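Each remark here refers to the structure printed beneath this line.
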Amino acid sequence: MQTIYADVFFFINMFVDFLLLLCVKRIIHSPVSYTRLLLGALTGAILSFTAFLPFNHFPINIFFNVFTLALSSIISFGYKNKQRFIKNTVILVIITFLYSGALIAFYNVFKPNGIVIINNAVYFNISPLLLIVLTLIIYIILFAFKKLFKNNSCSNLIHNVKIYYSNKEYNIKCKVDSGCNVKEPFSNDNVIIVDKSEFEANNMSNMRIIPYNSLGGKGILKGYKAEKVFIDDKPINEEIYFGLSDNIFSGNIKGLVPVELIKE
């Protein structure tokens with residue numbers, strides 16, 4: 001029986017959980033910070049010690065695994081609404097079980113020394129230097145994967161956005177902008193930035209001041225809560241604000257939409 005050190009077990013599982021959460025962040029194009037991912041990974045690593053509890057029943061293991069992943073998901077990506085929470089958790093569950101399945105298959109076929117799997121929790125008996133090297137390699141692979149499969153075609157960057165406000169429908173052609181992460185400061189809801197010429201100035205009420213910070217400097221937008229929003233005729237099932245900007249758009253493009261709304 002191989003000796004298992006609690007500190008190594010904790011660090012390895014935090015490292016693996018962080019990589020899995022990083023994969024989810026890339027898939028859903030979430031703007032969350034790496035600090036939040038680290039907190040989610042820390043939670044998963046702490047709960048990984050439940051693998052040593054005196055039971056080994058499949059339904060109980062599945063329950064603890066899904067509970068741990070759901071908790072890591074909400075800590076890492078927050079709770080915007082039920083639909084997004086379920087989506088984030090399901091993606092994390094799928095990635096985790098694919099990873100666990102591949103690791104278990106590798107373990108059963110090759111029986112490598114230094115790897116122990118306890119109720120789907122992983123223990124590697126490797127040196128810290130090797131772990132750092134593996135971390136760098138995996139990061140490079142993730143970065144290369146993102147660059148390789150990133151589609152920059154204009155057809156995928158332009159979308160038709162319908163904003164319903166004050167019982168009127170506004171059709172706006174918007175460009176997807178990964179840097180457009182403006183939030184309404186009180187609710188933290190997403191903000192679509194649009195040219196103010198698209199809206200009737202005398203028909204606006206309940207204005208919110210929305211600060212922004214971009215490469216061009218800092219400023220504020222006049223923001224309003226949309227009644228409904230559709231992107232390419234697909235309803236966005238969350239609260240959305242639109243901020244009015246002055247003369248920053250040209251041609252047919254009259255707005256900027258956050259990339260995470262396109263990936264809903």
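The values are calculated or read from the model by the stated rules, or taken from the named source; none is laboratory data. The structure presented is a predicted model; accordingly, all values stated were derived computationally and were not measured. Cβ coordinates were reconstructed from backbone atoms using ideal geometry, including for glycine residues, and neighbour counts include every protein chain displayed.
Scan segment 85-102 and give yes if some residue there is at pLDDT 85 or above, within 23 Å of the chain's Cα centre (by Cα) and assigned to a loop (DSSP other than H, G, I, E, B), otherwise no.
Checked segment 85-102: no residue is at pLDDT 85 or above, within 23 Å of the chain's Cα centre (by Cα) and assigned to a loop (DSSP other than H, G, I, E, B).
Residues in segment 228-249 that are under 25 Å from the mean Cα position of the chain (by Cα) and either among the acidic types (Asp, Glu) or not in a strand (DSSP E or B) (or both): how many?
6
Consider Asn13 carefully, then state whether it is assigned to a helix (DSSP H, G or I), at pLDDT below 80, touching a strand residue (DSSP E or B) at 6+ places or on another chain (Cβ under 7 Å) and not β-branched (Val, Ile, Thr).
yes
Which residues, counting only those in segment 164-198, are part of a loop (DSSP other than H, G, I, E, B) and of a type in the set (S, T, N, Q)?
Ser166, Asn167, Ser178, Asn181, Ser187, Asn188
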